[in-house]
Amino acid sequence: MAINFNQIADDFKRTNWKNPGTWTMAPKIVVLLLVLAAIPVGGYFGVWAGQIEELDRGIAKKAVSRRITSPKRRRPSTWTCTSNSCGRSTPNSAPC
């Protein structure tokens, strides 16, 4: 099954673009692919780009706020019990 590109080119030349009902299969497929490609591209520029920029601004704002406020000191995961001077290392929740 050979593809005749001259026939496809003639189909495009003879196509009545104002009446889609008379189009042959090649122009229909090309227009379908263009529409299917235009929908996500239009969605990106129309909707998603603004949302992505808003998320980036929020992330930057959060990073700045973390740099401005001093971090709270965290207790280490293990500590030495000094209340009864046993000297052994135990987790925070376990008593000596």
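Under 7 Å between Cβ atoms, which residue pairs at least 6 apart in sequence (or on different chains) link something in the stretch 10-25 that is in contact (Cβ under 8 Å) with a residue 12 or more places away in the chain and of a type outside the set (S, T, N, Q) with a partner that is surrounded by 10 or more Cβ atoms within 10 Å (Cβ to Cβ) and not in a loop (DSSP other than H, G, I, E, B)?
Within 7 Å, the pairs are D11/A26; D11/P27; F12/A26; F12/P27.
Conditions first: (1) modelled with pLDDT of 90 or more; (2) loosely packed, with under 10 Cβ neighbours inside 10 Å. F12 passes all but one, so which condition is the exception?
Of the numbered conditions (1) modelled with pLDDT of 90 or more; (2) loosely packed, with under 10 Cβ neighbours inside 10 Å, the odd one out for F12 is (2).
Applying the selection to the stretch 15-33, what residues are surrounded by 10 or more Cβ atoms within 10 Å (Cβ to Cβ) and part of a helix (DSSP H, G or I)? Before you say what the answer is, go through the steps one by one.
Narrowing the stretch 15-33 to residues surrounded by 10 or more Cβ atoms within 10 Å (Cβ to Cβ): 15-17, 20, 22-24, 26-33.
Answer for the stretch 15-33, where residues must be surrounded by 10 or more Cβ atoms within 10 Å (Cβ to Cβ) and part of a helix (DSSP H, G or I): P20, T22, A26, P27, K28, I29, V30, V31, L32, L33.
The values are calculated or read from the model by the stated rules, or taken from the named source; none is laboratory data. Everything numeric here is computed off the predicted structure, so don't read it as measured data. Note: ideal-geometry Cβ built from the backbone for every residue, glycine included; neighbour counts use all protein chains shown.
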